[in-house]
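Participant: Encoded as structure tokens, here's the structure I'll be asking about.
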Amino acid sequence: MNTQAPTADVKEDIRQDNPKAGVKCRFFEPRPELRPYIRQISAIESRTGFPSSDRSVAAPNGCPKLIFPYDNSVTSVVEHRIFESEERNLYFMGVRDKPAFVRTSSRRTGCLGIEFYPYGAYSIFRKPMNETVNSLVDISGFLPKWGREITRTLRSLNTVTERVSFIQARLVELIREEQVDNRLVKFCVDSLKDCDGLMTVSDLAQKSNYSRRYLEILFRDQVGLSPKALGDIFRFQKFYRMWASGRSYDEIKEELYQHYNDQAHFTNEFKRMTGYPPHYFAHEVSNEFGRQLTSR
């Protein structure tokens, strides 16, 4: 096994800095073979960590992830369950329909994240996604042999770029071992995404020419969430991205009624996805962590 993968193929295409918040987010371009499966690769760094007082929130976006904290450990709380991501260990984070509240100790922090499309992780790992919903799993338990080898090498590498290059090479190997036909799920996910989740499951079934029951089973296995739950996340993300790009809540309100029954409906959905009502979140919650990862 070649553990020292070349780094020439790794392109760091964006670097975002916020000196006031002390948060830096670096983005890396996925290899061509992985672009159908991986939405983005990023490394978020902070000189002083993500203290709980800053209310760092990772809102659901429908995408599972691999995460590798290379500086400091990371604690995330999902539905009152506490997950510890130990420093220099690799984890698989399943798709979520609940917010994760993230914190670390107050020291230098860095975490590499490989975010898959909703259907992407199943296509590579061939593991039932419903078993990992709203959970964080040590990779050595998720894929024992592969996970132990990957983690051991990641620990021996010195830079983020080297780690990105190595793990991409190993993911490409998994794809080459066995091709998974994900065209139907991809078609359905893209259909939901294109209309910001404003499509009923019955309409999706009609558009795909498959039964509603079959789509539910397929989504449970390959995505982890039902088509309706994923559609709800896409609808919410439309407005969450507006917040991340700096638009005010008053601007966002103008477009609410095209997507939600009324303001109360939107408020309940926003609170379910972030833990806070939208007006309070927009004016009181410091969440540079979430803004950096969402604004791209």
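Participant: Could you list, in sequence order, the residues of segment 104-119 that are among the small types (G, A, S) and touching a strand residue (DSSP E or B) at 6+ places or on another chain (Cβ under 6 Å)?
Facilitator: G110, G113
Participant: Which is surrounded by fewer than 20 Cβ atoms within 10 Å (Cβ to Cβ) and either polar (S, T, N, Q) or outside the structural domain of E216 (by TED's automatic domain parsing) (or both), of R170, R163?
Facilitator: Going through R170, R163 in turn, just one is surrounded by fewer than 20 Cβ atoms within 10 Å (Cβ to Cβ) and either polar (S, T, N, Q) or outside the structural domain of E216 (by TED's automatic domain parsing) (or both): R170.
Participant: What are the pairs with Cβ atoms under 6 angstrom where one residue, in segment 150-165, is under 12 Å from Y70 (Cβ atoms) and the other, located anywhere, is charged (D, E, K, R) and surrounded by 20 or more Cβ atoms within 10 Å (Cβ to Cβ)? Sequence gap at least six, or different chains.
Facilitator: Final answer for the pair search is L154/R163; L157/R163.
Participant: List pairs: first residue in segment 43-64 and more than 9 Å from V102 (Cβ to Cβ), second residue modelled with pLDDT under 90 and polar (S, T, N, Q) anywhere in the structure, Cβ distance under 8 angstrom, at least six positions apart or on different chains.
Facilitator: I44/Q292; D54/S286; D54/N287; R55/S286; R55/N287; A59/T294; N61/T294
Participant: Now for a different question. In segment 1-42, what count of residues is obtained for those that are closer than 25 Å to S123 by Cα, assigned to a strand (DSSP E or B) and at pLDDT 80 or above?
Facilitator: Summing the residues that are closer than 25 Å to S123 by Cα, assigned to a strand (DSSP E or B) and at pLDDT 80 or above in segment 1-42 gives 8.
Participant: Identify, please: which residue in segment 240-285 is among the hydrophobic types (A, V, I, L, M, F, W, C) and at pLDDT 85 or above and is, among those, nearest to S76 (Cα to Cα)?
Facilitator: M273
Participant: A follow-up question, please. Looking at segment 132-149, I want the residues that are acidic (D, E) and have a partner that is surrounded by 17 or more Cβ atoms within 10 Å (Cβ to Cβ) with Cβ atoms under 7 Å, at least 6 apart or on another chain. Which pairs are those?
Facilitator: From residues that are acidic (D, E), the pairs are D138/N89; D138/Y91.
Participant: Of all the helices (runs of 4 or more DSSP H) wholly in segment 193-294, which have at least 3 residues that are closer than 20 Å to R55 by Cα and in contact (Cβ under 8 Å) with a residue 40 or more places away in the chain?
Facilitator: Where helices (runs of 4 or more DSSP H) fall fully within segment 193-294 and carry at least 3 residues being closer than 20 Å to R55 by Cα and in contact (Cβ under 8 Å) with a residue 40 or more places away in the chain, they are 227-244, 263-274, 288-294.
Participant: Which of the residues that make up segment 170-185 are among the aliphatic types (A, V, I, L, M) and touching a Lys or Arg at 6+ places or on another chain (Cβ under 8 Å)?
Facilitator: Passing the criteria: V172, V180.
Participant: How about segment 100-121: which of its residues are touching a residue at least 60 places away in the same chain (Cβ under 8 Å), under 14 Å from the mean Cα position of the chain (by Cα) and either outside any loop (DSSP other than H, G, I, E, B) or over 19 Å from Q40 (Cα atoms) (or both)?
Facilitator: Within segment 100-121, F101, V102, C111, L112, G113, I114, E115, F116, G120, A121 meet the criteria.
Participant: Tally the residues that are touching an Asp or Glu at 6+ places or on another chain (Cβ under 8 Å) and among the aliphatic types (A, V, I, L, M), restricting the search to segment 226-255.
Facilitator: Adding up the residues that qualify gives 3.
Participant: On to the next question. Can you name every residue in segment 43-78 that is more than 22 Å from V137 (Cβ to Cβ) and not in a loop (DSSP other than H, G, I, E, B)?
Facilitator: Passing the criteria: E45, S46, S52, S53, D54.
Participant: Also, I was wondering about something else. Name the residue that is nearest to the chain's Cα centre (by Cα), counting only residues in segment 79-99 that are surrounded by 21 or more Cβ atoms within 10 Å (Cβ to Cβ) and part of a strand (DSSP E or B).
Facilitator: Selected residue: M93.
The values are calculated or read from the model by the stated rules, or taken from the named source; none is laboratory data. Source: prediction; values computed, not measured. Please note: Cβ atoms are built from the backbone with ideal geometry, for glycine as well, and neighbour counts cover all protein chains shown.
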